[in-house]
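Structure first, then comments.
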Amino acid sequence: MAEAAPRVTAVIREEIRALAAYHVPPAQGLVKLDAMENPYTWPPEMVAEWLRLLERVAVNRYPDPGAEALKARLREAMGVPEGAGILLGNGSDEIIQILALAAGGPRRAVVAPEPGFVMYRMIATFCGLGYRGVPLRAEDFALDVGAMRAALREARPALVFLAAPNNPTGNLFDEAALRAVIEAAPGLVVVDEAYAPFADFTAMGWLAEYPHLLVMRTVSKLGLAGLRLGLLAGDPAWIAELEKVRLPYNVNVLTQVSAEFALRHGEVFAAQTAAIRAERARLHGALAAVAGVRVWPSRANFLLFRVPAGRAGEVFEGLRTRGVLVKNLDGSHPLLADCLRVTVGRPEENDAFLAALEAVLGA
Ligand code: PMP
């Protein structure tokens, strides 16, 4: 006779049961400004050329496990230094997971500034690492170097994540502060440059100086979020260890061919990111002019803003009823009370957002 079905508590670890699943809200029919996507599509002739390429893809075969053609293209497109090795992931999320799987174990920890990208904490938990979030400075979300140094001394983390620019605050940490944290870290430091296309900053040039530094990139914010492709650059000796944990075919053949193709059209993405930056400036100015709203400067493709106390939920719902989806961050961290985050969209999408916000706050 079959045994009784096992209880959830007997199988799923307590710290996993305590987690809330990463929530992706339904966006159908809405102006989607919640996930830092590039709102622009490709010119029709580029789509046609891509489809012709896809016709020849052998989907009956496993993908190239080394993805050498794609790596060469990424090296050039992202300015990875010659001496650095490259690890590819199914999005940079998977790279965070590979790092945590390789470093995880009893008494191993991750340290990251907070508020920050939630997957650092979630993946640390999945992989059995401790996690310590170090608060940013309340006023401007700058790195608190003293507090970071203390956390590094106490937690001795195997991994430190520094997002530059930071999500969800949008600011770029001061270079001297980044270097101070890198220099004080006892383990690996990952500078997460997901928003590099909008930031005019990269730590790629620091790889030669710091052997324990790794730089992470993604093609998601550039305009290829659907392909799921991330990259980690650093000392080939570290990359070789991490390669052991990477599943052999994690970057599928359609992604390899499509990303390699897309990155050959760098000018298309350069024009799109330039348009997004111009809209970011306009949207920042317009938000700053809305009575009762505070908006922070951003080096990314989104803006963090604060609404009058106690009204974030009402603003989020009011925007949604008017057809605009943003991210409500109220309650996610003490420093983000009454805060929401809006991704920079196309001009008409940003106008729809601004009109809806004025309607909600004016009501
Ligand atoms: N890092 C940061 C700072 C992010 O904000 C995100 C996406 N929100 C990611 C990494 C993950 O990007 P992806 O998995 O799409 O490469």
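The values are calculated or read from the model by the stated rules, or taken from the named source; none is laboratory data. Values in this document were obtained by computation on a predicted structure and should not be read as measured data. All Cβ positions, even for glycine, are placed from backbone atoms using ideal geometry, and neighbour counts span all protein chains on display. Ligands, DNA and RNA are stripped out before the accessible areas are found, and what is left, the full protein with its side chains, is counted by its heavy atoms. Shrake-Rupley method; radii C 1.70, N 1.55, O 1.52, S 1.80 Å.
For this structure, a couple of remarks:
- Helix-derived mean residue ellipticity, 222 nm - over the chain, DSSP H n ≥ 4, -39500 (n - 2.57), to 500: -11500 deg cm²/dmol
- If you plug the beta carbon distance of LEU254 and GLU348 into 1/(1 + (r/R0)^6) with R0 = 35 Å, you get a FRET efficiency near 0.70.
- Highest to lowest packing among 249-257, 86-94, 310-318, 38-46, scored as the average C-beta count within 10 Å: 86-94, 249-257, 310-318, 38-46
- Net lengthening on full extension, GLU267/GLU3 (0.36 nm per residue, minus Cα-Cα): 88.9 nm
- Fraction of accessible area attributable to carbon and sulfur, the chain (%, probe 1.4 Å): 56 percent
- The stretch 81-140 and the stretch 165-231 have Cα centres separated by 12 Å.
- Taken per residue, the accessible surface of the chain reaches 46 Å², heavy atoms only and a 1.4 Å probe.
- Gaussian network model of the chain, Cα within-10 Å springs - most flexible of LEU242, LEU336, LEU19: LEU19
- Based on the Kirkwood approach, the hydrodynamic radius assigned to the stretch 59-264 is 17.1 Å, with every pair of different Cα atoms included.
- LYS32 contributes about 80 Å² of solvent-accessible surface, heavy atoms of the protein only, 1.4 Å probe.
- Global form of the stretch 188-283, assessed from the alpha-carbon gyration tensor, a/c cut-off 1.5: oblate
- Residues considered: ALA21, ALA208, ALA199. Largest GNM mean-square fluctuation over the chain, using C-alpha springs under 10 Å, is found at ALA21.
- Evaluated with a Cβ-only charge set (Lys, Arg +1; Asp, Glu -1), the chain carries a dipole of roughly 540 debye about its Cα centre, given to the nearest 20.
- Sequence of CYS339, CYS127 from largest to smallest accessible area, 1.4 Å probe: CYS127, CYS339
- Only Cα sites of the chain enter the Debye sum here, all with the same form factor; the resulting log10 I(q)/I(0) across q = 0.07, 0.14 1/Å is -0.32, -1.27, listed in q order.
- Mean separation of Cα contacts under 8 Å (6+ apart) over length of the chain, as relative contact order %: 22 percent
- The length gained on full extension between TRP42 and ALA237, counted as 0.36 nm times the residue separation minus their Cα-Cα distance, comes to 66.4 nm.
- Take the Cα of ALA309, step 7 Å toward its Cβ, do the same at GLN28, and the gap between the two points is 4.1 nm.
- Global form of the stretch 263-363, assessed from the alpha-carbon gyration tensor, a/c cut-off 1.5: prolate
- Applying 0.36 nm per residue to the separation of ALA58 and ALA20 and subtracting their alpha-carbon distance, the gain on full extension is 9.8 nm.
- Within the same chain, lysines fewer than 8 places from LYS32 are excluded, and of the rest, those with a Cα less than 28 Å from its Cα are LYS221, LYS327.
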